[in-house]
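All of the numbers you see were taken from the coordinates with simple rules; none came from a lab. Remember, it's a predicted structure, so these values are computed and weren't measured experimentally. So basically every Cβ, Gly included, is an ideal-geometry build from the backbone, and we count neighbours across all protein chains shown.
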Amino acid sequence: MRFKVYIDLMSIWLPKLDGRRGAKYQRIVEALAEDIASGRLPPGTRLPPYRELAYRLAVSAQTVSRAYTQATRRGLLRGETGRGTFVADPSEGAASTPPPSLTRDTSGPVDLSRNLPSPSRADGPLREALREIGAASDLRMFLDYQSGNGTRRDHDAAARSWLQECGLTAAGGEVIGTCGAQHGLFCALTALLSPGDVMLTEALGYAPVRVVAERLALRILPVEIDTEGVCPESLERICRERPVRLLYLTPTLQSPTTATLSEGRRRRLAEIARRHDMLILEDDVFGPLKEDRPPPIAQFAPERTIYVTSLSKSVAPGLRIGFVHAPSALATAVRRAVVLSVWMTPPLMDEIAVRLIRSGAALRLLQEQRATAHRRQVLARRILGRFDLHADPQGLHAWLRLPDGWTAGSFRTAAEERGVLVSDARDFAATGVDAPAAARLSLGHEPADHRLKTGLARLADLLSRPPQSDVLFL
Ligand SMILES: Cc1ncc(COP(=O)(O)O)c(C=O)c1O
């Protein structure tokens with residue numbers, strides 16, 4: 001393995017300590033975490049020796065040593081006897097140790113079918129939060145039914161600050177905690193729609209919401225999408241033909257197409273919804289990943305938009321922490337749906353989320369997710385760039401339009417034969433919509449870059465042959 005050495009005679013990594021609070025060693029750790037998350041210090045970078053950095057920062061060598069020890073404990077750094085201290089590579093750790101969860105088995109096929117965030121260093125901040133919670137004098141509040149006080153109030157403040165991070169700064173509205181975005185969507189649909197109501201979904205989109213809608217006996221109609229997402233013309237046409245109760249859509253980093261709606265289109269969709277008195281269920285589960293995204297649609301139609309997001313794709317899906325923002329007129333019904341489904345979100349998980357958000361760890365993990373997503377997208381582009389690949393540099397997935405001769409199904413089967421799992425367009429197509437010849441490649445699920453590379457290379461090899469020869473092999 002080759003290491004990048006970050007010191008030479010001219011340059012040395014120097015943490016920016018101005019404007020940070022806390023002890024000096026903590027400020028160094030924070031700066032380090034930020035520079036790693038932003039990609040300024042990539043995995044494998046060798047850090048300056050204690051004394052060198054201490055001299056440059058005019059602090060004691062002990063301060064730097066303490067900072068490095070703390071950062072190592074958090075999984076940011078690793079020391080090698082006799083060689084120095086290096087920025088840790090989360091994918092290496094995951095490859096050499098047993099998979100962190102049953103969902104990321106690395107013994108079988110390369111899995112590009114599940115849209116999970118990349119492995120991150122979330123375990124460090126989680127350990128810290130658990131240590132702090134464990135040291136609290138009274139843990140009983142985490143074991144009881146919750147009222148509007150205590151952890152609930154802290155949770156509301158933390159949720160609002162996270163929603164601000166998502167770009168939701170519109171005045172008014174209420175925040176409702178849920179067990180992930182899926183739960184938020186479920187509660188919104190059960191609370192606000194009745195059997196027979198017409199609900200629109202993207203022609204290709206997130207299938208579990210359609211399953212819920214079917215169970216609620218809603219009438220589901222597809223709205224056309226193009227490379228930017230929902231087409232306003234299609235929406236307008238459908239709304240002229242019949243009353244529509246709700247439009248469900250994912251405006252940022254849409255799955256599977258990776259499309260992000262421009263601000264102009266968001267405004268147009270908001271205006272159409274207002275004119276036809278339609279609700280909007282805005283699924284922004286991927287939104288925080290994209291740094292330069294336009295404001296949420298909820299900003300343009302706050303009186304009718306139920307905005308749903310979670311920490312799943314940006315911090316950790318296992319926390320099961322989600323947020324719904326709804327206008328007050330609708331919020332009571334959604335809150336009641338939360339009560340009827342789970343009574344309340346688990347207070348201990350809420351507390352962990354509050355601490356991660358308040359300490360800035362959630363934001364750092366989000367930045368790390370973006371950096372990893374970017375690295376993996378570069379990898380995908382390098383290997384599959386000669387094909388019709390659609391992707392966003394900060395997205396967790398890519399959308400591969402297949403060359404002539406392939407169908408979604410034949411490609412998926414052939415990929416599986418070569419040990420690579422993908423999702424294909426049929427997994428996302430609404431009833432009555434012809435699934436195009438395309439596959440979604442999720443780049444976050446595989447813990448190690450080298451396995452991802454292997455999987456992508458196998459797909460490139462597969463695509464460089466005429467599909468017919470594969471049919472003969474099957
Ligand atoms: C578009 C979309 N919405 C919602 C969800 C559910 O997210 P959560 O884990 O927060 O329930 C997912 C999960 O993959 C998703 O892809």
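Put the Cα centre of segment 338-368 next to the Cα centre of segment 253-294 and the gap is 24 Å.
Would you work out the Kirkwood radius for segment 142-207? I mean one over the mean of 1/r across all pairs of different Cα atoms, in Å. Don't skip to the end; give the middle numbers.
Details: mean 1/r = 0.0679 Å⁻¹.
So the Kirkwood estimate lands at 14.7 Å.
Look at the dipole of the chain built from charges on Cβ: of 166, 360, 316, the Cα furthest out on the positive end belongs to 360. All alpha carbon pair distances within the chain were sorted into 20 Å bins beginning at 0; the resulting P(r) in whole percents reads 23, 52, 24, 2. If only the Cβ of Lys and Arg carry +1 and only the Cβ of Asp and Glu carry -1, the dipole of the chain around its Cα centre is close to 1200 debye.
The residue among 221, 425, 464 whose Cα reaches farthest toward the positive pole of the charge dipole of the chain, with charges on the beta-carbon of Lys, Arg, Asp and Glu, is 464.
In terms of packing, defined here as the mean over residues of other Cβ atoms within 10 angstrom, the peptides 242-254, 380-392, 203-215 line up highest first as 242-254, 203-215, 380-392.
Distance between the pseudo-spin-label points of residue 133 and residue 381 (7 Å out from Cα toward the beta carbon): 3.9 nm. The order of the peptides 228-237, 51-60 by mean Cβ neighbours within 10 Å, most packed first, is 228-237, 51-60.
The count of lysine pairs in the chain whose Cα atoms are under 22 Å apart, excluding pairs fewer than 8 places apart on the same chain, comes to 5.
When the helices in the chain are scored as -39500 (n - 2.57) per DSSP H run of 4 or longer and the sum is shared across all residues, what 222 nm value do you end up with, to the nearest 500 deg cm²/dmol? Could you put the intermediate results ahead of the total?
On the way: 16 runs with 199 residues, N = 474.
Result for the chain: -13000 deg cm²/dmol, rounded to the nearest 500.
The modelled label-to-label distance for the pair residue 416/residue 342, using points 7 Å beyond Cα in the direction of Cβ, is 3.2 nm. Estimated at 0.36 nm per residue, the fully extended path between residue 464 and residue 237 surpasses their Cα-Cα distance by 77.6 nm.
Convex hull of alpha carbon positions in segment 383-474: directionally averaged projected area 6.2 nm². The overall shape of segment 139-360, judged from the alpha-carbon gyration tensor, is prolate: a/c is not under 1.5, and a/b is greater than b/c. Rounded, prolate or oblate: which one fits segment 138-270, using the alpha carbon gyration tensor with axes a ≥ b ≥ c (rounded when a/c is under 1.5, else prolate when a/b beats b/c, else oblate)? In terms of gyration-tensor shape, prolate. The modelled label-to-label distance between residue 40 and residue 61, using points 7 Å beyond Cα along the C-beta direction, is 2.6 nm.
Between 286, 231, 259, whose Cα lies farthest towards the positive end of the dipole of segment 207-301 when Lys and Arg beta carbons carry +1 and Asp and Glu beta carbons carry -1, centred on the Cα centre? The residue sitting farthest along the positive end of the dipole is 231.
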